[in-house]
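The values are calculated or read from the model by the stated rules, or taken from the named source; none is laboratory data. Just so it is clear, the model here is predicted, and its values are computed rather than measured. Neighbour counts are summed over all protein chains in view; Cβ atoms, including those assigned to glycine, are modelled from backbone coordinates with ideal geometry. Ligands, DNA and RNA are excluded from the accessible area calculation, which covers all protein heavy atoms including side chains. Shrake-Rupley method; radii C 1.70, N 1.55, O 1.52, S 1.80 Å.
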Amino acid sequence: MVQNTYSLFNLAYNAIHRHRHWSTAWRKPEPASAYDVVIIGGGGHGLATAYYLAKNHGITNVAVLEKGWLGGGNTGRNTTIVRSNYYLAANARFYELSMQLWETLSQDLNFNVMYSPRGVLNLAHTPGQLGAFASRGNAMRLNGVDAELLDREQVAQRVPQLDISDQARFPIWGGLLQPRGGIARHDAVAWGYARAADALGVDIIENCEVTSMQRENGRVTAVETTRGRIQANRVGVVVAGHAGTVAGMADLRLPLESHILQAMVTEPVKPVLNTVVTSGAAHCYVNQSDKGELVMGGDLDGYNAYARRGSPAVVQDVVSSALSLFPDFSRLRLMRTWGGTVDMSMDGSPIISKTPVDNLYLNVGWCYGGFKATPGSGWVFAHTIANDEPHPLNAAFRLDRFREGRALDENGAGPVPAAH
């Protein structure tokens, strides 16, 4: 199958011919009996890994196994925020790779992922918090990441809808802005990587759940699936929410907990908010989607579960916090809410690593922020699988850091998943 190039010429041609000549975005192959690499998980990270395996390393005999349909899992349940505003050098440099890839991803994939660098603003509600943001901004700039420290008047000028009065529930003293941060379209990212990986020869196999792994002499030799047995020279686990379950098939116990993370949107309105606004004190963030909906989210529900629905109390808490920052939004109606399952690590950082099992690799534990890392995650994980050693940018994210006491704890909060 020859894919169409998405161009102005092809758009005009197909418009004239009532769009009857577009090729499908990716094939629907039957699984082969064996592959060089099997990727378990067809979300954004898994598809990006397959794409960069083919593009950067020439490994095209790859299968991506997805138990549902592309974009139907946690890839389509996040809130699409993109940023690299981290304090620790290992985090900042890794997420900055992703930021750089986001900036040219639509051109690279020939698919519009709708990356919008509208800025990500963290609000400071006390002088002490503003001082901490000044330190974080300096660290970001030293690591090559853009950062601007704003005072109260500059915050009001950029986001005039915020309540900056002295009577505000959360007084605003300033904020830390990453201008290149923003949002992208989550399902477009999955579809774009799927289409590009397919064009390079990768088999994307939907409705194919892995049920067990077969091992011989300390190596994984095959995976059993709902569509039959598939042999594999190397296996990458790139699942969200069920990483512990899949790793358990190889007798690996991971330092992860599965939690529910909810998000919600209002009815669509005309453009009213052109910055992603977050508040650690209020435990919420707000941005406006390209469809006009105000997107909000906050903290975990606080209990372990694999369910994709949460408690109304958290919805009420997030909405209450958002309205304390933006009182003018109080007349909008909440249109829908949803939950996703996230794997929370004990230090708030992901695991991108080899494992004690030969030829088995992990890309899991993304906590709150996996979406923003999608391009960089795929880039370094493909390197790890292809070379059987970590890329310099994911060397700090190894699994054995927990055994050796080298936690990558951005907040210094200790081994409490909900604290990160």
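Summary of computed values
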| quantity | calculated |
| --- | --- |
| Any hit, segment 205-225, residues being of a type in the set (Gly, Ala, Ser) and in a helix (DSSP H, G or I) | no |
| Some residue of segment 96-105 being open to solvent by 30 Å² or more (accessible area, probe 1.4 Å), over 22 Å from Asn394 (Cα atoms) and part of a helix (DSSP H, G or I) | no |
| Residue match in segment 202-213 (condition: within 24 Å of Gly298 (Cα to Cα), in contact with a strand residue (DSSP E or B) (Cβ under 7 Å, 6 or more places away or on another chain) and not small (Gly, Ala, Ser)) | no |
| Exclusive hit being among the hydroxyl-bearing types (Ser, Thr, Tyr), open to solvent by 60 Å² or more (accessible area, probe 1.4 Å) and either free of Cβ contacts under 8 Å to residues at least 60 places away in the same chain or touching a Gly at 6+ places or on another chain (Cβ under 9 Å) (or both), set Ser353, Ser321, Ser311, Ser330 | Ser330 |
| Residue in segment 174-185 that is in a helix (DSSP H, G or I) and either open to solvent by 20 Å² or more (accessible area, probe 1.4 Å) or touching an Asp or Glu at 6+ places or on another chain (Cβ under 9 Å) (or both) present | no |
| Odd one out for Val286, checked against (1) among the aliphatic types (A, V, I, L, M); (2) at pLDDT 95 or above; (3) surrounded by fewer than 19 Cβ atoms within 10 Å (Cβ to Cβ) | (3) |
| Listing of strands (runs of 3 or more DSSP E) fully contained in segment 269-386 that carry 1 or more residues being out of contact with any Lys or Arg (no Cβ under 7 Å at 6 or more places or on another chain), closer than 29 Å to Ala54 by Cβ and of a type outside the set (Lys, Arg) | 334-345, 351-354, 360-364 |
| Any hit, segment 65-78, residues being at pLDDT below 95, open to solvent by less than 30 Å² (accessible area, probe 1.4 Å) and hydrophobic (A, V, I, L, M, F, W, C) | yes |
